[in-house]
Structures are given as structure tokens and as C-alpha cells.
1. If I filter segment A:139-148 for residues that are buried (at least 23 other Cβ atoms within 10 Å of the Cβ), within 14 Å of chain B (Cβ to nearest Cβ) and either under 30 Å from residue A:20 (Cβ atoms) or at pLDDT below 95 (or both), do I get at least one hit?
2. Sort out for me the helices (runs of 4 or more DSSP H) sitting completely within segment B:227-336 that have 2 or more residues that are more than 29 Å from residue B:213 (Cα to Cα).
3. Which of (1) within 35 Å of the chain's Cα centre (by Cα); (2) outside the structural domain of residue B:219 (by TED's automatic domain parsing); (3) surrounded by 14 or more Cβ atoms within 10 Å (Cβ to Cβ) is the odd one out, the single condition residue B:301 does not satisfy?
4. Only one residue in A:102, A:112 is within 24 Å of the chain's Cα centre (by Cα), surrounded by fewer than 17 Cβ atoms within 10 Å (Cβ to Cβ) and within 27 Å of residue B:124 (Cα to Cα). Which one?
5. Can you tell me which residue in segment B:73-107 is farthest from residue B:32 (Cα to Cα), limited to those that are hydroxyl-bearing (Ser, Thr, Tyr) and more than 7 Å from every other protein chain (Cβ to nearest Cβ)?
6. Tally up the residues in segment A:32-59 that are assigned to a helix (DSSP H, G or I) and surrounded by 13 or more Cβ atoms within 10 Å (Cβ to Cβ), please.
7. Being outside any strand (DSSP E or B) and either outside the structural domain of residue B:64 (by TED's automatic domain parsing) or of a type in the set (Ser, Thr, Tyr) (or both) is the filter here, so list the residues in segment B:198-220 that pass it.
8. Out of (1) crowded, with 23+ Cβ neighbours inside 10 Å; (2) more than 20 Å from residue B:167 (Cβ to Cβ); (3) within 12 Å of chain A (Cβ to nearest Cβ), what's the single condition that is false for residue B:43?
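The values are calculated or read from the model by the stated rules, or taken from the named source; none is laboratory data. Please read these numbers as outputs of a predicted model, since none were measured by experiment. When we count neighbours, we look across all protein chains shown, and the Cβ atoms used for this are built from the backbone with ideal geometry, even at glycine.
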Amino acid sequence: MSSSTVDIAPQKTIDKPPLPWSLWFRQIRAIFRLEVEKNFLGRRSILLYLLALLPIGPLVLLAPFTPPGNEWRDFNQYNMIYAIFYGGLILRTVVFFGCAWIFMNLFRGDIIDRSLHFYFLSPVRREVVVVGKYLAGLVTSVVLFCSTTIIAMLLVYLPHFYSESTRYFLDGPGLGQLLTYTSITALACIGYGAFFLVVGLFFRNPIIPALVLYGWEWLNFLMPPLLKKISVIHYLNSLVPVPVSEGPFAVVAEPTPAWIAVPSLIIVTTLVLLIASYRIRRMEIRYGSD
Amino acid sequence: MNETKAKSVSIDQDEIRIPKSEFVNSLIVFDDVSKFYGEILGVNRVNLQIAPGITSLVGPNGAGKSTLMNLMTGLLRPTRGRITILDIPTDRPEQLFQKLGYCTQFDSFPRGLTGREFISSFLLVHGYEKKKAAELTTIALERVSLLDAADRKVAAYSKGMRQRIRLAQAIAHQPAVMILDEPLNGLDPMVRSETIALFRKLASEGLHLIISSHILHEVDMMSDRVILLNNGYVVAEGNVHGVRDEMEEHPMQILIRCDKPAKLAARVFDKDHVVEARLHDDRMGLFIKTRDADRFYLLLNQVVGEGEINIESIAPVDDDLSAVYQYLIGSEGNSA
């Protein structure tokens, strides 16, 4: 047996320091707390509460009376009434403008208040600031608008056909529909939230791009199938439990299945947040010019 | 023996000897830095190496002091060039602000917070645990004499208190470099002198303090070196006396109080470095302008040694920051 040995020089490996996840987690938690407090208790929150109450107010007023239309006397029509109410008022107006207000102000509001440097003067990766602020906006919008979604649905059903409604929610499809609508609201907050956060970073006056998106989302029913897919509302509409006719001029397109719609929204949201992170990494603080 | 450790570099006139590698790591370096706001010049071609101690930025409004500070803290990005703070590039806030504290001029705070909450929430964002953050908060508030008002809302603070809470924010995480934009603004004389003493103490501990101020006599009193800025350019930098010595086009003015000023004038006037000798109005003193103060002082020693003239006092008249400012920038400086 040969006694010779071959020396294998130990390969040099460059040890990269591990990513400081626990530090990032603590920083995100600290930013999240400050931002949630600001979102719920700051002076800008008044408009949010008014928006969240917008669909509930009329329903509370209508609760003691049965509205004049025949559809209000037929319990079977109630799922359609709520579907129209949800799609037209809650999703396209309250959630849309609520998210615009919350997420655009996450950075733009701090720039206007001249307090963004508070975060920029800390040893925090700016991407961590984006995540902390986005999560705070998301929790705020989900809590407010999911509550609106749930309360509004209960207010449509319960005051008029109490016993049928109770059965509908406890033994029928009502609870499933309620959860689906709530999930759609949460998904809308995720998608619109990311979009408006980026808009707040790129535009000094974010109202204009917000209105452009509002128009795009409203006119979505007129668009060819390919363009429909470049919108948030198309994916959300694909998920609603009770489809609503979009009128005689609507271009009909196949709804996107939930297993594509939900991941697509989340992937697009992630991409948009990456753009936000890139933008904030290069951002300068020049309050004078804002 | 470690050669690197044996090598040393002297900084300025301070005669501080630090091993070379540590010396490079302890500098704030501007390498050909320019900043333009569109067409407007912020600062241009700044090359600086700032050693530990108190360095003051002095210049009129719009000279580029705040731009330079915002560049150092990464709030602005240079159009050209590179800045490193203790070897850390300014585009890495996660590393930079472990070592750096910035007391800005931005007089705005997150709403609804008390002074204590403001500092502790800032430290929590740093990533400190709650207990450590609370501890550091108390130390910082104590250092700026704001402990009594710590639990009042920042919104209810006076201007001076808001200034102090910003200072507390800058020092709370015990940084090695502090950048202080007009830190004495709004402070009453008592707190002002306490704050200057605090700066001196921090500088003696080896910290960097970069201070902008327009109160020239205070800058003169506390600074180890100054950087004079005008229209976005660094017009002079270094120890005030060193800068003054290099200004050959402005001979040094010295007032000599003595019993025979006329005789002294006759004695010194034939020297080539003395360019002017003028009797004081009360005829008990003599103003001298000289191109070489050191030679003049040697001459005075000689005169004193001869015993003919009794000299009461010798005082440089324009060997201070106000004079340097006036000569280089052209106004008194208090509006700067």
C-alpha cells in the first residue's frame, strides 16, 4: 500500500455574516407600532373613519324601514343587493380611496410633516422602513374596511328578514360569502396598498395618478380581455361569490380562477414593493423642494 | 513588531499620534464631492479629511453648510465624489447610524409623543431592546438637562427644549460621530455654556463633533478646527490660528500696551516684516501690522530684555475667527 498522501489544501470560504433577521424583526415591530398609532389616532385618521362609516350610515338609517323597491321584499334578492352594494360602494370607492389615503400618506405624509428623517437617521435598512410602514398601513386598512364589509353585510340582511338571515348565515352559504367578501377586501388592501405606497413615493401630488387608476378600474368592464388583466379590480371581481352583470356594453371576459388571481395579486404586490424599496434606497430628503 | 502599529501620522497641529490604520478609520473623508440641485450649486469639489475633535462649519446663509451636513448623513447623495464616515460609505444607513448621530435643524417631530417616548421610540427603531432603550433614553435626557420635562409632550416644549430633545436624540445611541446643525440655537446662556462644556467633554473622549454655527466667538471658543464655506466652496480649513497665519495678504494686527509707544514704533518700524505702526488714541499703546508674527514676538522679547520700554500687554487684534471670516468672506458673520 502506498504511504504517499495527497494534500488537499482547505478551500477558502468567505463566511458571510448571517442576515440580522431578529434585528430587522425588532425594527419592523418598532416602526409598525409608531405607524399604526399614527394611522388610527393621527389627525389624518378622521377622514378614514368617515370613509369606513360611509356605507354603514345609510344602512343604519334604512334598518327600521323596508325600502320601496320590490327586490327588498324578496329575501332571495338580498345576495344580489349586497353584491352590487359591495362592488360599487365598498370595494370601488371606500376601499379604493381609503387605501389611497392611508398608503399615500405613509411616506408623502411624513414628507409634508417634515418628519421622514426620523427614520432616515436610524441604522435601519430603508427596505425595512418600507416593510414596517406597509404592514402598518395594511393592518389599518384591513381592520377598518373588513369591519365595514362585515357590518354592512349584516346590516343589509338582519334588520329585514331576521330569522331567514340567521339561518342563511348559520346554516346556509351566508357565512362563506361573508368570509369571501372579507377576504376580497383584504386582498384589495394588499394590492391597492402597494400601488398607492409607490405612488406616494414617486409623485409630489399623488391625487392625479390615484384618479387615473380610479378611472382605469371603473372603465375596466369596457376593456378588451387582455387589458382587463392589468388591473386590480379584474382579479377581485373574479373572486366575488355573486357575480354582478356589468351592463350591456361590458366586454365579457373569463374570470380568472382564484388559484391564479390570488397569487398573481400577491406577486404583483411584491414586485411593486420592491420598486418602492429601490426608490427609497435612493431617496433624498429635501423638504424645501416638496 | 507590528509595523502598522509602529507607523504614525500626525494630525494638524494637535500632535495626536494614532496608528495609521486606525487613523484612516477614524476620519471623515470627502473625496472630490460636489452636489448640484439641478442647475443650482450646493457644494463643489470638496476635499476634506476631518479628524476627531470639534470641527465647525462656518459660512453665510447658502454657503453650503447644511448641504455638507446632509451629505455626511446620507440624507443627500453627492452628484459626484464619495464620502466616508469612519470608513463607512454614507449610502449604508444601517451601518452609518450605528456610529453617527445627527441633530438636524428640522423642527418637527412625530405627533403626540412625550420627550421620553420620542427618544425611546427612536432607540427602538434602532433595534434596541425595551429595557436598554429606556436606560439610554434616561442617560441622554439627563445629559441635556431635560429629565424633569421628559414626560411632557414634545409639542408643548419651548424652542430651547425642542433643541435639547433633538440633541438628546443625536447622542442617545452614544455615537462616535455627531453632526450638529446649529445646536446652540434657542438655548438660554446657562444651557448654552453647559452644552458647550458637554461638546468639549465629548470631543476629549475622542468623538467627532461637526458643528455649524453662526455665533463666531462661540465657534472660536470651542472648535479645534474650522471649515469656512462660501458659495458652495471650502475657502479655508484648519486651526483658526493656522488659517490666519497663512493669510499673508492680511498682515497680523497686534496691540501692544506700553509706556513709550512712540519709541517702540521707532524701534520696530525699520523691520521689513512690520508694515504699519500706529499709535493708539490714548497714546498708551501701539498697533502693529506684521507679516510675520513669530519674528515680531522675538523682536519684542529683545525689546523687553533691553529694559527701555515697559510692556504691559500684547494682544493680537485679528487672530480670531471673526477676523478670518471677515477677510475671507467679507462680512461680520453674525448673520451667517
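1. No: zero hits.
2. In segment B:227-336, B:261-268, B:293-306 are the helices (runs of 4 or more DSSP H) which contain 2 or more residues that are more than 29 Å from residue B:213 (Cα to Cα).
3. Of the numbered conditions (1) within 35 Å of the chain's Cα centre (by Cα); (2) outside the structural domain of residue B:219 (by TED's automatic domain parsing); (3) surrounded by 14 or more Cβ atoms within 10 Å (Cβ to Cβ), the odd one out for residue B:301 is (3).
4. A:112 is the lone residue from the list that is within 24 Å of the chain's Cα centre (by Cα), surrounded by fewer than 17 Cβ atoms within 10 Å (Cβ to Cβ) and within 27 Å of residue B:124 (Cα to Cα).
5. B:90
6. The total comes to 18.
7. Passing the criteria: B:204, B:213.
8. (3)
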